[in-house]
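Structure, as structure tokens:
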Amino acid sequence: MKRRDFIQKTAVSSAILTFGGLSLSSFSNKKTKRITILHTNDTHSHIDPFPSDHSKYPNMGGAARRASYINKVREENPNTLLFDAGDMFQGTPYFNYYGGELEFKIMDMLKYDAATLGNHEFDNGLEGLAAQVPVAEFDIINANYDFSKTIMNGLTKPYKVYEKDGIKIGVFGLGVKLDGLVNKREYGETIYLDPIETANRMTKILKEDEKCDLVICLSHLGYAYDKNINPDMISDLDLAAQTQGIDLIIGGHTHTFLDKPTLVKNAIGEDVIVNQAGCFGLRMGQIDFIFEDNKLVSNSVRNINI
């Protein structure tokens, strides 16, 4: 079978990444632990699949297909976490009618563990967002929006630590700069904090204080920018290169369909995985981290068409 045909038939684009030249086969005779991370971004209220006559995505996407894949992965590995990197709202009439309630209820049904905030979560203003946050049974995580002077104060967490099979996974969230992107009246007195400084503060807490074995950033900063056009915009690639302690950046905002994740050397020369799964629920990212004696030894990453 030709490689192109194989990819089309399996609808999977994958990449295997390893640390220190070690692969999964290196540990086949050793006791290991596997932590699976599933992630989406920029689903934009796409509850239903695209119609069968759609020019680019016929019959693709939809919450039901996403649920089927999530359930399959969880059956294979109960040590699975599910995250979203923002812009859950806006894009179909479901948001216009329900104001985000349906999106959160669907995510509750799929048992998301956490999500960060995208710029479109502010489309109905802080009052609209604050009204919907209690619907979410998962954690809303953001560390660089200071909501202390707004109605959103206390409704988000800067980070959360999850434990699976004795492995501690620390997760924090970062949002894009709202000024110039979102109308001031919609985000009010929300203060945007520098994502690089915030990330370094969060990783220090998660690594040193919380003793996490794995650190993940849910980012709605955007994958990359042309610095000639957007010199002040911090991207996921910038974040990875200018910080230390992050193992995985799950990205959003730029609707980037990565055929394989990007590896970036951080500020001290260690590898950071940067991944993004397109938009509209058409893809889901999956990262399997392999641990031995609670030490991260290898991983595999793939982006699956839903």
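Annotations for the structure displayed:
- Sole residue being more than 30 Å from G62 (Cβ to Cβ) and acidic (D, E), chosen from D259, D213, D288: D213
- With respect to the conditions (1) within 21 Å of Y187 (Cβ to Cβ); (2) assigned to a strand (DSSP E or B); (3) among the hydroxyl-bearing types (S, T, Y), Y162 lacks only one, and its number is (1).
- Subset of the stretch 103-130 that is of a type in the set (D, E, K, R) and under 18 Å from the mean Cα position of the chain (by Cα) - its residue that is farthest from S68 (Cα to Cα): E121
- Strands (runs of 3 or more DSSP E) lying entirely in the stretch 187-306 (those with 1 or more residues that are surrounded by 23 or more Cβ atoms within 10 Å (Cβ to Cβ), among the charged types (D, E, K, R) and in contact with a Ser or Thr (Cβ under 9 Å, 6 or more places away or on another chain)): 283-292
Yes or no, residue by residue, for (1) more than 26 Å from K33 (Cβ to Cβ); (2) at pLDDT below 95:
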site	(1), (2)
D238	yes, no
D247	no, no
D259	yes, yes
T262	no, no
I273	no, no
F289	no, no
D293	no, yes
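- Count of residues meeting criterion [over 19 Å from the mean Cα position of the chain (by Cα), farther than 28 Å from I35 by Cβ and touching a residue at least 40 places away in the same chain (Cβ under 8 Å)] in the stretch 152-177: 0
- Selected residue [of a type outside the set (S, T, Y) and over 21 Å from N119 (Cα atoms)] from L206, L174, L239, L178: L206
- Residue in the stretch 123-141 that is aromatic (F, W, Y), crowded, with 22+ Cβ neighbours inside 10 Å and at pLDDT 95 or above present: no
- Neighbours by Cβ (under 8 Å, 6+ apart or cross-chain): first from the stretch 285-297, free of Cβ contacts under 8 Å to residues at least 40 places away in the same chain; second aromatic (F, W, Y) and not in a strand (DSSP E or B): none
The values are calculated or read from the model by the stated rules, or taken from the named source; none is laboratory data. Everything numeric here is computed off the predicted structure, so don't read it as measured data. For neighbour counting, all protein chains shown are included, and Cβ atoms are generated from backbone atoms with ideal geometry for every residue, glycine included.
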